[in-house]
Amino acid sequence: APALGLLADASPAVRREAVGVLAYLKDAHALPGLAERLRADAVAEVRRAAAGALAYAGDDAVLPALAAGLADADWQVRQEAAITLGKLLLPASAPALVGALADSAWEVRLKAAAALGGLRAVAAVPGLIDNLTHPISNLRKEAAGALGRIGDAAALEALRERTVQDPDIEVRKAALRAIEAIGKGGEAGG
């Protein structure tokens, strides 16, 4: 109860600490207050912490707040929302995560790709294929791994191109593993 009350404190540092305490306690009664901090706090660091704190939610009730987090003005808040959705693996989060595959920050795209691979979201295949040619090799590698976990044969041509055209050997390896996983039904690692 004291930590819940401190979510509305005037000091951002106090609100941030209250979020941390509530995340540690993992009390379901705190989820609405944490979701509100994610949606409405004026300070990005508090919103980011609140996005991470929602990782102990047991259902879709936090999805609207996390979807809002994926649209936050601060890229680190968006990234944390994608990480949390990747931990929760809520099937209903797939559309918001697919949208995050076009985020202006590659770090957000990377975490969205990982989450979508975990969800095995076939709807993500076009967006993941688009990210196979992104300038950041870590993102290309994650997109290939996610495509392998999803296991949709529609990705095979793009993955084959990466095995010969990508300048990064790790991306080429990830694409090859994804191709093999698609042949086995989708079980590649990142």
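Could you go through region 24-44 and let me know if any residue there is of a type in the set (D, E), part of a helix (DSSP H, G or I), without any contact (Cβ under 8 Å) to a residue 60 or more places away in the chain and under 15 Å from L89 (Cα atoms).
no
Using beta carbons and a limit of 8 Å, which pairs, at least six apart or on different chains, have the first residue in region 161-180 and under 16 Å from I136 (Cα atoms) and assigned to a helix (DSSP H, G or I) and the second one modelled with pLDDT under 95 and open to solvent by less than 70 Å² (accessible area, probe 1.4 Å)?
Matching pairs, first to second residue: A174/A188; A174/G190.
Filter region 147-187 for residues that are of a type outside the set (A, V, I, L, M) and open to solvent by less than 20 Å² (accessible area, probe 1.4 Å); which is nearest to the chain's Cα centre (by Cα)?
Of everything passing the filter in region 147-187, G148 is nearest to the chain's Cα centre (by Cα).
Mind checking which pairs have a first residue in region 111-124 that is on the phi > 0 side of the Ramachandran plot and a second that is at pLDDT below 95 and not small (G, A, S), Cβ under 6 Å, 6 or more apart or different chains?
none
For region 113-146, enumerate the residues that are of a type in the set (D, E) and either surrounded by 16 or more Cβ atoms within 10 Å (Cβ to Cβ) or modelled with pLDDT under 95 (or both).
Across region 113-146, the qualifying residue is only E142.
Can you confirm whether R149 is out of contact with any Phe, Trp or Tyr (no Cβ under 9 Å at 6 or more places or on another chain), under 28 Å from K184 (Cβ atoms), at pLDDT 95 or above and in a helix (DSSP H, G or I)?
Yes: the conditions hold for R149.
Any residue that is within 30 Å of L156 (Cβ to Cβ) and not acidic (D, E) - is there at least one of those in region 49-58?
So far as region 49-58 goes, no, none of its residues is within 30 Å of L156 (Cβ to Cβ) and not acidic (D, E).
Look at region 46-86 and say how many of its residues are under 19 Å from E142 (Cβ atoms), in a helix (DSSP H, G or I) and open to solvent by less than 30 Å² (accessible area, probe 1.4 Å).
Total meeting the criteria: 6.
The values are calculated or read from the model by the stated rules, or taken from the named source; none is laboratory data. Quick caveat: nothing in here was measured; it's all calculated off a predicted structure. Every residue, glycine as well, gets a Cβ built from its backbone with ideal geometry; the counts of neighbours run over all protein chains shown. Surface areas here come from the heavy atoms of the whole protein model, side chains and all, with no ligands, DNA or RNA. Shrake-Rupley method; radii C 1.70, N 1.55, O 1.52, S 1.80 Å.
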